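> One structure, as structure tokens, below. Some questions next.
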Amino acid sequence: MNTKKKAFTLVELLAVVAISAILLFIATDRLIGDSFRANATYNQRVDVQTGVKTSMDNIKSILKRSVQVHLVGKEVYMEDMDLQRLDHKYNYIAFRKDDKGNRFLANIVYDKVSRKFNVLPLTAGDKKDIMTGDKIDYNLEFYKNDNNYRKKLENDMLNITITGKSSANVMGKPIDDKFELKEDIQLPNVNQILLSRHLQGGIEDITALAYDNGVIQPGKKGSNGKVGFVLILDSSASMKFNMVDPYDPNHYAYPFKKGYNRYQLGYYNNYKGSDGKWYWGYHRNAVRPEVYTEADIQNPKSVAATRKVVLGGALNNTLLPMFHNMAVTKNLDVEAYIFDYNYGLQDYSTNRNTFEIAGTTDYSTKYFTTLDMARKRGYGPIKLETSDGLAKAKDLVLNKANMKIKLEEHDRWGPAYGQATNTGFGLLTGLEILQQMKDKGIDKRYMVLLTDGVPTVATIIKNKTTNTADSRAYYNSVRGNELDFSDESWREAMAYIRRLTNAGTGNNPKGLYDKAYLIGFSGVPSEISRLGVPKPNIPSDSINAYLRQTGNETMALEAKDSNKLEEAFQTIVNDIGVSLGVFDGPDKMK
């Protein structure tokens, strides 16, 4: 029997179509949602990364013209503060809040015309996700988890970490994404990066970055813009040795020429002289095995370089350019005098050592060395704020004070001795120049003494050999007749310095200089033992303590190699800048 097959009724067919349509809609909606979410996530990630990178680029662009940068804390800046309370000598990069309470990164710039700060959002500072409209939050940190941050600060390197985070919500589901960018930024024009002097806490407590573009003028502490600078250099025989014998930390070594372009370091030893006697000292036949070229001994960074080479390089590449740049940037008028000493003073006009003094038998004369005599000898005045002055100072260091190697002094049987260390008379000359600067109305005065060893001789009054030349007033009172140097005795040389710096001589009155800087320049600890570097206290029997006995301020540093010497010079220039009110950084909020 034939059976008739039953077909779908119209109702059933419509039901199937409807169910299929619903399933297709659900599948399509899920597919579209997933696609939209994936696209939103991708765009969100792009936005966050772009925002962070743009913010970093903007900060670098702003700071590349800056001459100083200070990292400040809540004592100077807070996000919700009234900007009129800010120190208006600086601009700031920091977070602000808009009228809805949202944080954004801004460049806060002082307008001298309106006498107000303008808040300029950085390009990425107020950026929102393009797909969702959710705001991207940014965070700015300095030297984040950086154990080497102090070294970077000293080298004018800024470390910044910018983090961007977007917490978008797409179709009811959160999409968290974060991007972090960390960079070391070397600022080409900056002369220093400093932690604020008001900062209470560490680098994690920094709230803003304060910067200036060279518009801050000197004189914050009453300076008339005129600065006196005296640089005193030790040129005794030990300056012809290297910093330290690499085999013996208690002695230095002497570079001997041992053949064509071949040098070796002579070491301290017991040798037999031509007279048949035995001596302790240096001889060209007792040398270390390492061989150096002429380029090596003229390279300040080489262990074989003489102290003169190291000092000449650091002065001409670090101290003098830094001082010049500070003077130019801050519109300072700098009058500098530079000279070197060994047993006497070097006269650059004759290229000879001298004890010549002003008005030898004129007992009304106030100084051994007048400014006119200093000028005739070629010590100065040098205008360090000018390019010509900088070039003149560099030439003096290299070709007059001879802070370089003389190869002929190293092609012989033994060291080129002959120059003792009369630190006392070098100091006395510097103090006399400072006093005459003060008389001229130069109200900010600084002195730098660089020596590589213990003083060995004093200056005596020639016709009264038991009397040292403690001051011009004393010389006049005993009717002196020329000067000379004493027999070698470090004790007498130190006693001479103690006397000439005490209150009774009048050479070192309180307030004569804003600060005296002393650098012990040697890799051999015993050589700088009498300088008085605090460890942590200042030794009472030291040059540092003697200068301070009248209430003057000093800073004593030690430099065992080229890098340490450059660091010492950077410290000195920065400290002078702070003293002048040039590098103080922003004041606390009003």
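The values are calculated or read from the model by the stated rules, or taken from the named source; none is laboratory data. Bear in mind the structure is a predicted one, so any value in this text is a computation, not a measurement. Positions of Cβ are generated from backbone atoms using ideal geometry, with glycine treated the same way; all protein chains shown enter the neighbour counts.
> So which residues in segment 509-519 are in contact with a strand residue (DSSP E or B) (Cβ under 9 Å, 6 or more places away or on another chain) and assigned to a loop (DSSP other than H, G, I, E, B), if there are any at all?
Leu512, Tyr513, Asp514
> Turning to a different aspect of this structure: Within segment 154-195, track down each residue that is at pLDDT below 70, out of contact with any helix residue (DSSP H, G or I) (no Cβ under 8 Å at 6 or more places or on another chain) and not hydroxyl-bearing (Ser, Thr, Tyr).
Residues satisfying the conditions are Asn169, Gly172, Pro174, Asp176, Pro188, Asn189.
> Out of the residues in segment 529-562 that are without any contact (Cβ under 8 Å) to a residue 12 or more places away in the chain and under 22 Å from Thr456 (Cβ atoms), state the one that is surrounded by the fewest Cβ atoms within 10 Å (Cβ to Cβ).
Ser540
> Out of everything in segment 520-536 that is hydrophobic (A, V, I, L, M, F, W, C) and assigned to a loop (DSSP other than H, G, I, E, B), what residue ends up being farthest from Leu450 (Cα to Cα)?
Filtering first and then ranking leaves Val524.
> Can you pull out the residues in segment 473-488 that are of a type in the set (Asp, Glu) and in a loop (DSSP other than H, G, I, E, B)?
Glu482, Asp487, Glu488
> Continuing with the same structure: Looking only at segment 380-408, which residues are of a type in the set (Gly, Ala, Ser) and in contact with a strand residue (DSSP E or B) (Cβ under 9 Å, 6 or more places away or on another chain)?
Gly380, Gly389, Ala393, Ala401
> If you don't mind, another one. Test of understanding: among Tyr337, Tyr282, which residue is outside the structural domain of Ala493 (by TED's automatic domain parsing) and either in contact (Cβ under 8 Å) with a residue 24 or more places away in the chain or crowded, with 16+ Cβ neighbours inside 10 Å (or both)?
Tyr282 is the lone residue from the list that is outside the structural domain of Ala493 (by TED's automatic domain parsing) and either in contact (Cβ under 8 Å) with a residue 24 or more places away in the chain or crowded, with 16+ Cβ neighbours inside 10 Å (or both).
> While we're looking at this one, here's another question. Which of the following residues is crowded, with 18+ Cβ neighbours inside 10 Å, at pLDDT below 95, in contact with a His (Cβ under 9 Å, 6 or more places away or on another chain) and β-branched (Val, Ile, Thr): Val582, Val524, Val573?
Checking each option against the conditions leaves just Val524.
Quick grid of which residues meet (1) modelled with pLDDT under 90; (2) charged (D, E, K, R); (3) out of contact with any Asp or Glu (no Cβ under 8 Å at 6 or more places or on another chain); (4) part of a helix (DSSP H, G or I):
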| residue | (1), (2), (3), (4) |
| --- | --- |
| Asn43 | yes, no, no, yes |
| Gln49 | yes, no, yes, yes |
| Ser55 | yes, no, yes, yes |
| His88 | yes, no, yes, no |
| Gly101 | yes, no, yes, no |
| Val109 | no, no, yes, no |
| Val113 | yes, no, yes, no |
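> Are there any pairs with C-beta distances below 8 angstrom linking a residue in segment 407-431 that is over 26 Å from Gly511 (Cβ atoms) to a residue that is exposed (fewer than 15 other Cβ atoms within 10 Å of the Cβ), with the two at least 6 apart or on different chains, and if so which?
Matching pairs, first to second residue: Glu409/Ala416; His410/Ala416; Ala416/Lys406; Ala420/Glu488.
> If you scan segment 325-341, which residues turn out to be farther than 12 Å from Val448 by Cα and among the hydrophobic types (A, V, I, L, M, F, W, C)?
Within segment 325-341, Met326, Ala327, Val328, Leu332, Val334 qualify.
> Go through Ala401, Ala374 for me and flag whichever is within 21 Å of Ser562 (Cα to Cα) and assigned by TED's automatic domain parsing to the domain that holds Val310.
Matching residue, one of Ala401, Ala374: Ala401.
> Here's a check for you: in segment 458-474, which residue that is of a type in the set (Gly, Ala, Ser) and in contact with a helix residue (DSSP H, G or I) (Cβ under 6 Å, 6 or more places away or on another chain) is surrounded by the fewest Cβ atoms within 10 Å (Cβ to Cβ)?
Restricting to residues being of a type in the set (Gly, Ala, Ser) and in contact with a helix residue (DSSP H, G or I) (Cβ under 6 Å, 6 or more places away or on another chain), the top hit is Ser471.
> Identify all residues within segment 547-585 that are part of a strand (DSSP E or B) and polar (S, T, N, Q); write none if there are none.
Thr554, the sole residue that qualifies.
> Would you be able to tell me the number of residues in segment 489-506 that are more than 34 Å from the chain's Cα centre (by Cα) and part of a helix (DSSP H, G or I)?
Counting residues in segment 489-506 that are more than 34 Å from the chain's Cα centre (by Cα) and part of a helix (DSSP H, G or I) gives 4.
> Identify, from the list Tyr517, Tyr513, the residue that is crowded, with 21+ Cβ neighbours inside 10 Å, within 28 Å of Pro300 (Cα to Cα) and at pLDDT 95 or above.
Tyr517
> Determine if segment 345-352 includes at least one residue that is in contact (Cβ under 8 Å) with a residue 24 or more places away in the chain, crowded, with 21+ Cβ neighbours inside 10 Å, within 18 Å of Ala401 (Cβ to Cβ) and not assigned by TED's automatic domain parsing to the domain that holds Gln68.
yes
> Here's something else I'd like to know. Taking the options Lys221, Lys272, Lys277, name whichever one is modelled with pLDDT under 95, touching a Gly at 6+ places or on another chain (Cβ under 7 Å) and basic (Lys, Arg).
Within the list Lys221, Lys272, Lys277, the selection yields Lys221.
> Now a separate question. Could you pull out every one of the strands (runs of 3 or more DSSP E) wholly within segment 264-358 that has 1 or more residues that are touching an Asp or Glu at 6+ places or on another chain (Cβ under 7 Å)?
333-341, 345-347, 352-354
> In this structure, does Tyr363 turn out to be outside any strand (DSSP E or B) and either of a type in the set (A, V, I, L, M, F, W, C) or within 26 Å of Ile461 (Cβ to Cβ) (or both)?
yes
> Let me ask something else about it. Can you tell me which residue among Lys366, Lys330 is in the same structural domain as Leu434 (by TED's automatic domain parsing) and surrounded by fewer than 18 Cβ atoms within 10 Å (Cβ to Cβ)?
Lys366
> Every residue in segment 57-78 that is assigned to a loop (DSSP other than H, G, I, E, B) and among the small types (Gly, Ala, Ser), please.
Ser66, Gly73 - these are the residues of segment 57-78 that are assigned to a loop (DSSP other than H, G, I, E, B) and among the small types (Gly, Ala, Ser).
> Of the conditions (1) modelled with pLDDT of 90 or more; (2) exposed (fewer than 14 other Cβ atoms within 10 Å of the Cβ); (3) closer than 25 Å to Gly202 by Cα, Lys151 satisfies every one except a single condition; which number is it?
(1)
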